[in-house]
Amino acid sequence: MERKKILLVEDNPRDVELTKRALQKANVTNELIVVEDGVEALNHFFGEDGKSGCAVEDCPVVVLLDLKLPRVDGLEVLRRLRGDEKTRFIPIVVLTSSSEEKDIVASYDRGANSFVRKPVRFSEFADAIRQLGLYWLIINQPPPNTVRKK
C-alpha cells in the first residue's frame, strides 16, 4: 500500500506542534512534511528552478495550507498549485485562524477544496484534524483522470 504524504504549510511553530500532536492523537501515521512559508511550499512541488520538485507519484495527497505566510502568502500558493497540471487535483485544505469572509471567498475562488478555521481549544483542533485526516486520506476518492495516474 502506498504511503500517503501530507504537506503542512505553516509558519507558526506552535501550530505545527499542535497539528503533529493532533495527527498522533487521531492515529494518523502518514508522513507529515512541514514547510514554513509559501516559497518553500512552491519549491517542494516545482523546485527552485520551477521545473523539478517532487515527482508526480511522490507528491503529497493533501495540503494543509495556512493563509498568512511569509514571502509568498497562502492565496498565491493556492493559485499557483491550481494553475499547474502536476498539482491541480491535489486536495488543498485552507487551515487558518482567519474567519474573514474575504479570505473564505478568495480561498474558494482560487480552488481550495475546503476552508477550516483553526479552533482555539486543542480538543476541538484535534477533532478537526482527525476529521480532515479521515476524509482526505481515507474516504475521499480522487478523480480517476488525474496526472497521478499517468
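What follows draws every value from the coordinates through simple rules; no lab data is involved. Everything numeric in this text was worked out from a predicted model, so none of it was measured. We place every Cβ from the backbone using ideal geometry, glycine too, and count neighbours over all the protein chains shown.
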- Three principal axis extents, largest first, for the C-alpha atoms of segment 49-100, in Å? 34, 22, 15
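222 nm [θ] for the chain, helices only, -39500 (n - 2.57) per DSSP H run of 4+, per residue, to 500? Working shown, then result.
Details: 5 runs with 52 residues, N = 150.
Helix-only estimate at 222 nm: -10500 deg cm²/dmol.
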- In Hz, Karplus ³J(HN,Hα) per residue of segment 30-45 (6.51, -1.76, 1.60; θ = phi - 60°; x = Gly, Pro): 4, 5, 10, 9, 10, 10, 9, 7, x, 5, 4, 5, 5, 5, 4, 7
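Suppose we take every Cα in segment 40-136 and form the convex hull; what volume per residue is that in Å³?
Values: hull volume 9.6 nm³, N = 97.
So the per-residue Cα hull volume is 99 Å³.
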- Task: With only Lys, Arg, Asp and Glu charged, each at its Cβ (+1 for the first two, -1 for the last two), find how big the charge dipole of segment 73-119 is about the Cα centre; round to the nearest 20 debye.
- Result: 160
- Within the set I90, I138, I104, GNM on the chain using Cα springs under 10 Å gives the largest fluctuation to I138
- Query: Which value, in debye to the nearest 20, describes the size of the charge dipole of the chain about its Cα centre when Lys and Arg Cβ atoms bear +1, Asp and Glu Cβ atoms bear -1, and nothing else is charged?
  - Reply: 500
- Item | Lys/Arg +1, Asp/Glu -1 at C-beta; the chain dipole; positive extreme among S107, N140, F89 | N140
- Note on the structure: A correct Stokes-Einstein calculation for segment 1-58, using the alpha-carbon Kirkwood radius, 4 °C and 1.567 mPa s, returns a whole-number D in µm² s⁻¹ of 104
- Item | Pairs beyond 18 Å (Cα-Cα), from K5/K86; K68/K118; K68/K102; K5/K68; K20/K118 | K5/K68
